[in-house]
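**Q** For reference, the structure I am asking about is given below.
The values are calculated or read from the model by the stated rules, or taken from the named source; none is laboratory data. Quick caveat: nothing in here was measured; it's all calculated off a predicted structure. Here the Cβ positions follow ideal geometry from the backbone for every residue, glycine too, while neighbour counts run over all protein chains shown. Remember, those area values only see protein heavy atoms, side chains included, never the ligands or the DNA or RNA. Shrake-Rupley method; radii C 1.70, N 1.55, O 1.52, S 1.80 Å.
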Amino acid sequence: MSINAFLNTISNSARILPIVILYVTEGCNLKCITCSYRDALPGELSLQEIIELAGQLHDFGLKHIVYSGGEPLLRRDFKDICGIFKQHGVKQSLLTNGLLLEKRFNDIFEYFHEIIVSIDGANAETHNRIRGISSFDRILKGISKAVKNKKGRPVVSIRTVIQKNNFRELPGLIDLAKSNGADRISFLSADVASNAFGREINGAAPDETDISLSAVEVEKFREIVNNVIIKYSGDFYSGFISESPQKLLKLVDYYGALRGMNEFPKIFCNAPMVSAVITSTGNIHPCFFIESYGSIRKTDLEALINTDEIKQVRKDVRNFMHPRCKTCVCTMNISKKNALFSRF
């Protein structure tokens, strides 16, 4: 039981930091049309700096570390990083594009509660077009290796960013996840508005019209989602599809809002209250989409985590007043009960 985590959810101060998303590198081996991560940045956190960071996070109540990027598996010392956090007894998850999963799985699988693999098409043609490199078959080989591992394995999830180039394949993506032995699949809308995904570094935001849906496509997407809700009702009930039917319909509403067809769906998020994103060069953010409020290289974590600036951000997010929340595509909401019982 964690009273401090519970108090986080009802105030603007953080007494502990139970969840951290850590970018171990911003280099990536794909060329996705919705993302600008390409090359590792100069001066990314060293292994020694990550050792020191892990100690600070442990002291501040870390329960769950999620590795992101860029592509984490590109980092040669990634296994060592996982070992550092294992020593602190925290739950570990990996967000990966899957291109190196088959090659590196045996080295890293023992550390993870969950491996989340990004797939953006129900077939090679669609996926490879979105990802910019022929990668579909190699990714499926990595998933196959993960799900067939007999020594005990992490949960293997597929995550898809739904957008103009793949929304019609929603049913096929669910079938693909099933046929390849994944434990679940989740869906997000494509962010077209923020400086996330390396755009603030590389200045290459996607062309909105190439990613978002037209008004006609929004109506088609709504029809597809409604059919999926009926056809795959058992998969919603079992949790194989992570989103509820209502949350899946919010993906439609997001694209409808971009076309002025409806309001942006209201979100319920407390990410800044229970988590933080730390970039590969040490900048700390309240979430993926809100600006940094400091650097762990310049200021101790304990001093950073409750500045007046971040407290105001938490207040604005809680009251749905922060401008980035108005058009957000990704939400985290840890209930008071889950926080109290340390379910992170």
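**Q** Restricting attention to helices (runs of 4 or more DSSP H) lying wholly within the stretch 256-344, give those where 3 or more residues are of a type in the set (Val, Ile, Thr) and buried (at least 16 other Cβ atoms within 10 Å of the Cβ).
**A** Qualifying helices (runs of 4 or more DSSP H): 308-318.
**Q** Follow-up. From the list Ser135, Ser118, Ser157, Ser179, which one is more than 28 Å from Gly234 (Cβ to Cβ) and small (Gly, Ala, Ser)?
**A** Ser135
**Q** So which residues in the stretch 106-137 are free of Cβ contacts under 8 Å to residues at least 60 places away in the same chain, assigned to a helix (DSSP H, G or I), surrounded by 19 or more Cβ atoms within 10 Å (Cβ to Cβ) and not hydroxyl-bearing (Ser, Thr, Tyr)?
**A** Result: Ile108, Phe109, His127, Phe136.
**Q** Just wondering, is there one or more residues in the stretch 138-159 that are part of a loop (DSSP other than H, G, I, E, B), open to solvent by less than 30 Å² (accessible area, probe 1.4 Å) and closer than 29 Å to Phe221 by Cβ?
**A** No, the stretch 138-159 contains no residue that is part of a loop (DSSP other than H, G, I, E, B), open to solvent by less than 30 Å² (accessible area, probe 1.4 Å) and closer than 29 Å to Phe221 by Cβ.
**Q** Could you say which residue among Asn166, Asn195, Asn226 is surrounded by 15 or more Cβ atoms within 10 Å (Cβ to Cβ) and either in contact with a strand residue (DSSP E or B) (Cβ under 6 Å, 6 or more places away or on another chain) or modelled with pLDDT of 95 or more (or both)?
**A** The match here is Asn166.
**Q** Another question, then. Would you call Lys311 charged (D, E, K, R), over 26 Å from Leu95 (Cα atoms), at pLDDT 95 or above and more than 21 Å from the chain's Cα centre (by Cα)?
**A** Yes: the conditions hold for Lys311.
**Q** Mind checking which residues of the stretch 87-101 are within 21 Å of the chain's Cα centre (by Cα) and not in a loop (DSSP other than H, G, I, E, B)?
**A** Listed by number, the residues that qualify are Lys91, Gln92, Ser93, Leu94, Leu95, Thr96, Leu101.
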